[in-house]
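Report on one structure; see the data block that follows.
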Amino acid sequence: MYKEKDISIDFLGIHLENPFVLSAAPPTDELEIAYDGLKAGWAGVILKTTSVENNPVLLKYPMMSSFGPQGRKVTGLGNIDLISQYHIDDIEKRVRILKEAFPEKMIGASIMGARKEDWQNLVWRLKKAGVDLIECSFSCPQGSMGEAPGRMLAQSIEATEKVTGWVKEAAEDTPVLIKITPQVTDIVEVAHAVKRGGADGITASNTIPSLVGIDINTFEPYPSLAGKGGYSGLSGPAIKPLTLRTIAEIASNVDIVISGNGGAFSWRDAVEIMAVGASNVQFCTLPMVYGFRTIRDLKSGLAHYLMDMGFDSPMDIIGKAIQNIYSHDELPSPYTRAELIGEKCIGCGLCFDACNDGGHRAIAWDGNTRRPNIDEEKCVGCAMCMQVCPVDAIRMKEKIDDSLNYFVIRR
Amino acid sequence: MQTTLSREQALLEAERCLYCYDAPCEKACPSAVPVSDFIYSIKTGNLKGAMEIIVEANPLIDICGILCPAFCQDVCTRKQIDSTVRIRALHRYIMENTDMEENLEIPEATKEKVAIVGGGPAGLACARELRMMGYRPYIFEKKKIGGIPAQEVSSARFSEGRADREIGFIKKHFAIDVINKDVDSIDELANGYAAVFISTGLADEQDLGIPREALEGVYKAREILRDIKDGRTSKAGKRVGVIGGGNVAIEVASALKAENPDRDVEVIYRRGMKEIKAFPDEIEEANELGVTFQFMAIPKEIRGTDKVEGIVVTRAHLGEPDESGRRQPEPVPDSDFFIPLDTVVIAVGQKADKVFPGIQRKENGLISVDENMMTSVKGVFAGGDIVRGASTIVECASDGKKAAEKIAKYIEGSVGNV
Ligand SMILES: Cc1cc2nc3c(=O)[nH]c(=O)nc-3n(C[C@H](O)[C@H](O)[C@H](O)COP(=O)(O)OP(=O)(O)OC[C@H]3O[C@@H](n4cnc5c(N)ncnc54)[C@H](O)[C@@H]3O)c2cc1C
Ligand SMILES: Cc1cc2nc3c(=O)[nH]c(=O)nc-3n(C[C@H](O)[C@H](O)[C@H](O)COP(=O)(O)O)c2cc1C
Ligand code: SF4
């Protein structure tokens, strides 16, 4: 009954019906599950990271843990998973089956190897199976094989460049993505190394090494395996700000295609991730938490956003925000003050606490009327009060060169 | 009285939704509104997407956002934690903050003409769905397009302008024409219709079956509601007794009290508070207006010579449950008492009128249909209250939708055309 907007994109020469792809993770680790994901409307899959036959993968359970408020339990998801237990012989078959079932969709596969022969063998076999794209995991938080076991490949500039070269040499014209970790001193250096190695693009980024929590009664880490635990790869909404930073830095400094990943939980997150330079967006935690049906709102939300903004294609968003990102010393100094929108205020007093104990004591509290009063003389415009107001009754007023502007949080 | 949610309230309410898999609310909704999906879209700020989901599923969603009994809320999983998500209020929030005309895409009307008799919820829904499939629906309506929500539901609950929004939307975009005509027989319809859908609702009201019902001062509930809705002063006096315990009884009682707060309005019901069929919000509203209740009172006879002077009722005692599962009132011997009244309003149910000769009916006057919603006459389909008996807007909307599918199949030759 309502017009459907075309939200297809071109990603490294591959046509995607929408920018949303299932990343290398449990949702793509079983043939039937990946199949259902594609059927539900996801534009493509990257099959969970595989390796050569002689590499045993010993998984340990429980594998997952999380943190978040009651209402939305999974703000951050931790896992101690490894790469897939299925080896390349299975994955080759799956690529063929999925490609035949979904010729219009992107069927990608993720690989990890130790020696040059392994990496190149994996590539040749996937190419023969008809894969559309190869992603190399240089960033499994549980460490990689070969070079420096236990350490992520992408944490070494030299190894990153060298292995990228091996893979691209074997892949020839099949697009190659290198999946990196944000856990490095200089992300731009890594991106340069990927580029020098000849890859077509970067997947930024994988999960982030973390310790999800500690049981305060038993002192066991989460997840606890008979009392013992370790570091988890963190994913989900908690890591989105880190992903945005990683992608923005790469996009601002290196001319390379970016596949955005890490913390995307809605079409809005996807738009933000594309606005800082990603060409498409991969998802793992969202479908793991709420299922493949989440694609419906991703597509519809993006389509409406594009129409409302007057954009023709999702590709018009790519990098839109980069021009507004500056280093601190380059930022302007507007005259900024908090302003109360009286009719919206419900009198909870949270802004008072925030300013009084964590700001500049610029808010006075009238206990009789239960209303805050902002003193423009004392307010420096830090915007802390605005962060805590539950009803968006505080906005920041900024003046620069005689032009008055309001900075409002829009959610 | 339910009101519109603010943006903050809507977002918080939406966050309460657990987004259940195989969501019970969606199964409970007669129009199968994808509740979890539309609320999910509210959470992500995709209001327009949410609007499209609910409008596509339920042709009367704007009206349901205010008037639906919300079957969905009865089964909400969230109740097992605290209380139901206010799904109906979220419909309303969306419909009041989006424009259902935006991005509308309707196919060319190239297919057969279909006659729809009765422009209430069932007829409107059927017209919309037929038009979406390329058919040309013509609606025949004897009074005002919109059926009961437009003609009788009191303006306090559902304002005139609000009714026009969605009814006007369907009329403007989906009905080829609305013809003002009282159709008594299918033969009256001009030739050239490939099928007919009867959705005339229940035009008449049940009698009480006690002495002196014809006396001056005795009225039927919907008659009063129509007067008030049309802007006329009702004929009711100063001391009104409303007989019945359904939604219509409560509605007319509230409307009469609101019309004149000085008038005494008492609902007289033969069972107890627990057995009352009306929805809790409606009862609460009546209470707030000052309507009073006389429970466990079985009307015996109306008293008066020229006009009503009062009613004699017998005290009831609750016996065994009947088919509806509610306990049956039984008269307590020698317990008659008199309630002085100048007006008696009867609200004990609707019934079908006797038009459309040749179409098979059940004993209670409702039209009989087969599994394809087709009546005893080939090519003539029926749905809504005239088939179900008194029901609800969302059920009638769902009937209209289903009937459109069956009619399309029939015209294409794959249903009922043997
Ligand atoms: C007072 C009242 C309040 C109600 N409140 C609610 C509520 O809050 N929520 C809810 O869900 N339900 C409510 N209901 C029930 C709901 O209104 C009905 O179930 C629903 O309207 C029935 O839809 P319908 O299309 O079958 O028939 P109707 O709504 O009755 O529409 C039938 C239409 O056909 C026309 N018509 C009849 N005969 C002919 C003819 N021979 N030729 C041409 N046109 C004809 C009529 O004028 C009317 O417009 C209420 C009912 C009443 C009486
Ligand atoms: C249980 C689990 C297993 C994963 N396995 C892999 C893997 O084998 N290879 C890989 O490249 N990434 C793997 N990932 C990382 C995801 O593909 C994705 O990069 C990460 O979860 C961040 O995206 P998200 O925030 O949308 O979940 C895994 C993630 C999870 C939660
Ligand atoms: S139409 Fe009624 S029953 Fe259906 S989802 Fe909406 S409020 Fe619930």
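Details
- Filter result for the condition that a residue is closer than 16 Å to residue B:41 by Cα and without any contact (Cβ under 8 Å) to a residue 60 or more places away in the chain, over A:275, A:264, A:270: A:264
- Restricted to helices (runs of 4 or more DSSP H) entirely inside the range B:46-164, those with at least 2 residues that are open to solvent by 20 Å² or more (accessible area, probe 1.4 Å) are B:47-57, B:71-74, B:87-96, B:121-132, B:148-151.
- Verdict on residue B:360 being under 26 Å from the mean Cα position of the chain (by Cα) and under 27 Å from residue B:265 (Cα atoms): no
- Checked against the criterion of being within 13 Å of ligand 2 (Cβ to nearest atom), hydroxyl-bearing (Ser, Thr, Tyr) and assigned by TED's automatic domain parsing to the domain that holds residue A:187, the range A:288-301 has at least one qualifying residue.
- Within the range B:2-57, considering residues that are within 16 Å of ligand 1 (Cβ to nearest atom) and in contact with a Lys or Arg (Cβ under 8 Å, 6 or more places away or on another chain), the one nearest to the other protein chains (Cβ to nearest Cβ): B:31
- The listed residue being within 16 Å of ligand 3 (Cβ to nearest atom) and open to solvent by 40 Å² or more (accessible area, probe 1.4 Å), out of B:401, B:406: B:401
- Within the range B:381-398, the only residue that satisfies the criterion of being surrounded by fewer than 22 Cβ atoms within 10 Å (Cβ to Cβ) and either away from ligand 1 (no atom under 13 Å from the Cβ) or over 18 Å from residue B:204 (Cα atoms) (or both) is B:395.
- Contact map, the range A:389-404: residues that are touching a residue at least 12 places away in the same chain (Cβ under 8 Å) and within 14 Å of chain B (Cβ to nearest Cβ) paired with residues that are open to solvent by less than 70 Å² (accessible area, probe 1.4 Å) and small (Gly, Ala, Ser), Cβ distance under 9 Å, separation 6+ or inter-chain. Pairs shown: A:389/A:354; A:391/B:6; A:393/A:342; A:394/A:338; A:394/A:383.
- Strands (runs of 3 or more DSSP E) enclosed by the range B:279-384 - at least 3 residues per element that are closer than 30 Å to residue B:401 by Cβ: B:380-382
- Any hit, the range A:246-256, residues being open to solvent by less than 20 Å² (accessible area, probe 1.4 Å), of a type in the set (S, T, N, Q) and under 19 Å from the mean Cα position of the chain (by Cα): yes
- Pairs where the first residue, in the range B:223-240, is more than 20 Å from residue B:205 (Cα to Cα) and the second is of a type in the set (Gly, Ala, Ser), C-beta under 7 Å, 6+ apart: B:237/B:217
The rows are residues; the columns are (1) at pLDDT 95 or above; (2) within 16 Å of residue B:384 (Cα to Cα); (3) within 13 Å of another protein chain (Cβ to nearest Cβ).
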position	(1), (2), (3)
B:99	yes, no, yes
B:105	yes, no, yes
B:113	yes, no, no
B:119	yes, yes, no
B:126	yes, yes, no
B:129	yes, yes, yes
B:132	yes, no, yes
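- Applying a threshold of 8 Å to beta carbon distances and a minimum spacing of six or more residues, or different chains, the list of pairs starting in the range A:92-121 at a residue that is aromatic (Phe, Trp, Tyr) and ending at one that is crowded, with 19+ Cβ neighbours inside 10 Å and in a loop (DSSP other than H, G, I, E, B) reads A:119/A:113.
- Residues within the range A:211-240 that are under 14 Å from the mean Cα position of the chain (by Cα) and either open to solvent by 80 Å² or more (accessible area, probe 1.4 Å) or of a type in the set (A, V, I, L, M) (or both), tallied: 3
- Taking the criterion of being under 13 Å from residue B:91 (Cα atoms) and either polar (S, T, N, Q) or surrounded by 18 or more Cβ atoms within 10 Å (Cβ to Cβ) (or both), the residues of the range B:10-28 that qualify are B:10, B:13, B:14.
- Close pairs from the range A:41-66: first open to solvent by 30 Å² or more (accessible area, probe 1.4 Å) and part of a loop (DSSP other than H, G, I, E, B), partner at pLDDT below 95 and within 16 Å of ligand 3 (Cβ to nearest atom), Cβ under 7 Å, at least 6 apart: none
- Within the range B:349-365, the residues that satisfy the criterion of being more than 11 Å from ligand 1 (Cβ to nearest atom) and within 26 Å of residue B:209 (Cβ to Cβ) are B:351, B:361, B:362, B:363, B:364, B:365.
- Failed condition for residue A:25, given (1) in contact with an Asp or Glu (Cβ under 9 Å, 6 or more places away or on another chain); (2) assigned by TED's automatic domain parsing to the domain that holds residue A:113; (3) open to solvent by 20 Å² or more (accessible area, probe 1.4 Å); (4) of a type in the set (A, V, I, L, M): (3)
- Residues of the range B:30-45 that turn out to be open to solvent by 20 Å² or more (accessible area, probe 1.4 Å) and outside any helix (DSSP H, G or I), as a count: 4
- Qualifying residues in the range A:343-362 (those that are within 28 Å of residue A:401 (Cβ to Cβ) and in contact (Cβ under 8 Å) with a residue 24 or more places away in the chain) - the one surrounded by the most Cβ atoms within 10 Å (Cβ to Cβ): A:355
- Residues of the range A:161-202 classified as within 12 Å of residue A:133 (Cα to Cα) and open to solvent by 20 Å² or more (accessible area, probe 1.4 Å), total: 4
- Filter result for the condition that a residue is more than 13 Å from ligand 2 (Cβ to nearest atom), assigned to a helix (DSSP H, G or I), in contact with a strand residue (DSSP E or B) (Cβ under 9 Å, 6 or more places away or on another chain) and closer than 23 Å to residue A:235 by Cα, over A:122, A:38, A:126: A:38
- One residue stands out among those in the range A:303-317 that are more than 9 Å from chain B (Cβ to nearest Cβ) and within 20 Å of the chain's Cα centre (by Cα): the one that is surrounded by the most Cβ atoms within 10 Å (Cβ to Cβ), which is A:314.
The values are calculated or read from the model by the stated rules, or taken from the named source; none is laboratory data. The structure displayed is predicted, hence computed values, not measured ones. A quick note on method: Cβ atoms are made from the backbone with ideal geometry, for glycine too, and the neighbour counts reach across all protein chains shown. All accessible areas refer to the heavy atoms of the entire protein, side chains included, with ligands and DNA or RNA removed. Shrake-Rupley method; radii C 1.70, N 1.55, O 1.52, S 1.80 Å.
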